[in-house]
1. With just the Cα atoms defining each centre, how far is the range 239-254 from the range 346-402? Give it in Å.
2. Where does the chain land on Rg(C-alpha)/(2.2 N^0.38 Å)?
3. Give the calculated FRET efficiency between Glu433 and Asn125 to the nearest 0.05, with a Förster radius of 51 Å applied to their Cβ-Cβ distance.
4. Under 8 Å for C-alpha pairs, at least 6 residues apart: give me the relative contact order for the range 81-196, rounded to a whole percent.
5. Of Pro173, Pro269, Pro71, which has the largest mean-square fluctuation in a 10 Å C-alpha GNM of the chain?
6. Are any of the pairs Lys63/Lys185; Lys107/Lys161; Lys166/Lys430 more than 27 Å apart by Cα-Cα distance, and if so, which?
7. For the range 1-128, what proportion of DSSP beta bridges, expressed in % and rounded to the nearest 5, is antiparallel?
8. For the chain, return all DSSP H helices satisfying: extent of Cα atoms along own axis at least 18 Å; mean Kyte-Doolittle hydropathy at least 0.0.
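FYI, it's all coordinate maths here, none of it is from the lab. None of the values given here were measured: they were computed from a predicted structure. Don't worry about glycine lacking a Cβ; one is built from the backbone with ideal geometry, like all the others, and counts go over all protein chains shown.
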Amino acid sequence: MESPTLIAGAGLAGLACAHQLKSDYLLIEKADTVGGVARSFERNGFLFDCTGHWLHLRDPYIKEWVKELLPEGMLEISRRSEIYSHQVRTLYPFQANTYGLPEAVVKECVDGYFAAREKYGDGKNTEAKTFEDFILQRMGEGIAKHFMVPYNSKLWTVHPKEMLAKWCDRFVPTPEPDDVLRGSKPPDGNIKALGYNTTLLYPKAGGIGTLSQRMATSLNEKPRLQTTLTKIDWQTTKASLNNQDEVGYQSLVSTLPLPVLVGLLNDPPEDVQQAAARLRCASVTYWDVGVAGENNPEDAHWTYFPEAHLPFYRVGSASAAFAYSAPEAHRSYYVETSHPRGTPCPHDEEAILNGLRQVGYLSANEEPLFMQRSTIDYAYVIMDKHYGQARATIHDWLGTQNIYSVGRYGDWRYDSMEGAMLQGIDCARKILETP
């Protein structure tokens, strides 16, 4: 079997690549449905995604394409997110919303912010090498101590001093002095939303999986499901599949996690193998929870939990944002924990239930209707001191073999759903422009 372009993985990046190519490709997917982690599942009348999946669209091309895919329009939701710490709920982001915390904590955060401004200016003109540098320079020691360091250590499973700062600007909002001062005082009705995701877009039915399904349906050549890459002979440009087929290709596009791709290559160079061994990431184990009883009208769409005595770093409630995700008079949660990939999740169902009761998602004697545990094996790429060189070594060599590794895990970066779609489109354009 021959195919000019073989695309491995029908997540958002693979689907977008196939869309842009239009023809002369074979798109394979190991699961029985498309979407990767951008899928939705119905459980006991509840609808769940693979944790929270919200669209934040900025690119004009993607905006128009999504309108074509979802002509019925989308729900547009103003973000409601919170932080729970010191037994208090405050608005997100923490660095601009300290009012309500103990007075000593507020003072420590505000004083630390202005001390950092005095030492580093606005922080933006001072080179931050590590994520910890970025936090301290732009937010100060108090905000670092009470939220940014403990929360990010919990999420990434490593201390921010082990991570590079280069990825931070878009995803970590930096407050201005007025934001910090206003957020430390009683609300005046003039709340300023910070961050890249202040407005959320979501399909009107079917969960985020509706977007993936529409992308697949629109393709000229449909994905081949339950089909897996088992070996790639880059010297002969042939790929073996789980059904014992062999596919000859001119270009190979992989959306598999970058270390997985390297593991499928037949005897790649030693420096590529060594680079892949240095790539690190965190896994996410999460619980989908269905509960009798409605959300309160003011419930957050998701809440962050920086403190170590609670097992989860975030709890979200899709039913708080759009009613169709839960049966009438019911509510749902997704509860996220993080652990280094290759290690077991250190938390069990009892710990999760105790934590949910402690923070008020469940009352003292309330039992959920069900809890479904799942794990995303490759979830958060850890951008440590080895990250840049290791990633570049692999991508540079793959490029010489007409192998493209794209998507959040294929490119091995922290990115959004829109970012994954753009990567797939850009990859297809490169292939089409290659003589």
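1. Answer, in whole Å: 30.
2. 1.02
3. Computed FRET efficiency for Glu433 and Asn125 comes out at 0.85.
4. Rounded, it is 28 percent for the range 81-196.
5. The residue with the greatest mean-square fluctuation here is Pro71.
6. Long pairs (Cα-Cα over 27 Å): Lys63/Lys185.
7. 65 percent
8. 417-433
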